[in-house]
Amino acid sequence: MASVPEHVLMNEALIEDLQKVAKDTALLHGVLMRTKETPNSSEVVSYAPFTLFPSPVPRSLFEQARQVQTHFNLLVDRISQDAEFLEQALASTIKVDDFTARLFNIYRQVIQEGCSQPIVLGLNRSDYMLDLGKDGNTSLKQIEINTIAASFGGITSRTPDVHRHILKVAGRVEEQKKILDNNPAAGFAEAIAKAWELYSSERAVVMFLVEDVQQNIYDHRFVENELWSRDGKEVAIVYFRNGYMPQNYTEQGWEARLMMERSRAVKCPDISTHLAGTKKVQQELSQPGVLERFFPDDPKAVAQIRATFAGLYSLDMGEEGDRTVAMAIANPDHFVLKPQREGGGNNIYGEDICQVLDSVKENLERSAYILMDKIRPQPVRNYLLRSGSPLKLSTCLSELGMFGAYVRQGKGMVLNECTGHLLRTKSAEHSDGGVAAGVAVLDNPLLI
Ligand code: ADP
Ligand code: MG
């Protein structure tokens, strides 16, 4: 069912030619990444990994994902303002998950001290897979929503032209039209600029909090220089592109996070929005009646959001959690076991689910996880181009992301948009992992 016919995929001479053209075109268009070998230098760079061909995505499901995005923006924002909900949803998790607990402590402290900044800036990405049901129908199912450091909104804007060119060289001119223009980063920048404007201090800067590439920890000197030094600049907005994994923090890093939360700066995300993106909150949202709490007057929004939910199950202590454990152990291949982590490579699959659950099922530890139905997309065949890897025809699975941006000032929504999309494709032999984790590659939807 690949959009590219098998005889094209198997034409070795053509593929050999196309991959050379593809790599050069990627370089020409700025689909770039620094290399693993020299991650802190731009002397030698390479193309970011990408698929040779765009992958088919049904237009109706693409539209569904696009249209539900502004509802997800509102949902995340409303969760972030609902202290009672966050307390209750994460109560069991923070007993056993140290990382979430530390974030939550910061949250409690800033709540107690009172809100210091009425401007809220949210930049997120909701990820989906297209589940192929037993009845042969495909449906849009959310994998997760990323409320912190949602990435690839910039580089993906350069990939449509690359795929269009490849299709042209491959003689598939008609299909070029089925690839959309896409520039999520432009919408992100618009939202950042809007929040900056509302902050209304012309001298103030936007601070990008980035990774220390060597260690993925806070760059102490950066924080020091930007926030502590006497001749430092006023920070209007802190844009986190880091801080979503335990490894990102040292003790000093935790102090810096607290300091930023307490500051007047607009945080993207603020701590409550960060917590709204946890997998435990995702699971709680799937419980009956919970979405209605956030959209009391909008049953349509509730229905649109709920339609994208896969089965999500609590592992909290008690009968419901016991049932989840039994169900998972009886049929591990039907589920994914997820801890409260981001960044790819943390989820548990197959027989490993039984092992992990066997070891934690009798104690509180199990509430560090949630269980989710495994989504099974229709595999497609494609070539994954990655610097240094040999060319190989792979059976692939795709994940569609929609970028959301919003700005709120006090009670009023100032901006609420879907700013674009991201298609990532990986070889089906990998259960987990994103582009940064070295598993998935950039792709474009070929709308069918
Ligand atoms: P992370 O925060 O690490 O990105 P995700 O929940 O997005 O965590 O999972 C990482 C990857 O695991 C996804 O990109 C997807 O490839 C795979 N995955 C996650 N959940 C499911 C699921 N329910 N069914 C199938 N694959 C999944
Ligand atoms: Mg993910």
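Derivation of every value follows stated rules applied to the coordinates shown; laboratory data play no part. Note that the structure is predicted; figures quoted are calculated from it, not measured. Cβ sites come from the backbone with ideal geometry, for glycine too, and all protein chains shown count toward neighbours.
Some points to look at:
- Of Ala13, Ala303, Ala368, the one that fluctuates the most in a GNM where the chain has Cα springs shorter than 10 Å: Ala13
- Estimated from the Cβ-Cβ distance and a Förster radius of 51 angstrom, the FRET efficiency linking Thr38 and Asn363 is about 0.65.
- The range 368-374 - phi-based ³J(HN,Hα) in whole Hz, Karplus 6.51/-1.76/1.60, Gly and Pro as x: 6, 10, 10, 10, 9, 4, 7
- Here is the list for the range 345-404: GluC sites (Glu not before Pro) lying in DSSP coil, each with at most 15 other C-beta atoms within 10 angstrom of its C-beta, are Glu362.
- Computed lengthening from Glu320 to Val173, 0.36 nm per intervening residue step minus Cα-Cα distance: 47.5 nm
- Amide H to amide H, with H built 1.01 Å from N, Asn146 comes under 5 Å of Arg125, Ser126, Asp127, counting only residues 5 or more places away or on other chains.
- Here the ratio of the Cα radius of gyration of the chain to 2.2 N^0.38 Å is 0.99.
- For the range 258-269, putting each phi into the Karplus relation 6.51 cos²θ - 1.76 cosθ + 1.60 with θ = phi - 60° gives couplings of 4, 4, 5, 4, 7, 6, 6, 4, 6, 9, 10, x Hz, in residue order, rounded to whole numbers and with x for Gly and Pro.
- For the chain, with +1 on Lys and Arg beta carbons and -1 on Asp and Glu, the positive-most of Met327, Phe188, Thr395 along the dipole: Phe188
- Each of Ile448 and Asp135 was given a label point 7 Å from its Cα along the Cα-to-Cβ line. The distance between the two points is 2.1 nm.
- The calculated 222 nm mean residue ellipticity attributable to helices in the chain amounts to -11000 deg cm²/dmol, summing -39500 (n - 2.57) over DSSP H runs of n ≥ 4 and dividing by all residues.
- Cβ-derived FRET efficiency at R0 56 Å, Gln19 paired with His334, nearest 0.05: 0.95
- Along the axis of the charge dipole computed for the chain (Cβ charges of +1 for Lys and Arg, -1 for Asp and Glu, origin at the Cα centre), the listed residues Asn146, Leu285, Phe99 are led at the positive end by Asn146.
- In this structure, the pairs whose alpha-carbon distance is over 29 Å, taken from Lys20/Lys338; Lys194/Lys338; Lys23/Lys177; Lys134/Lys338; Lys233/Lys338; Lys141/Lys426, are Lys20/Lys338; Lys194/Lys338; Lys233/Lys338.
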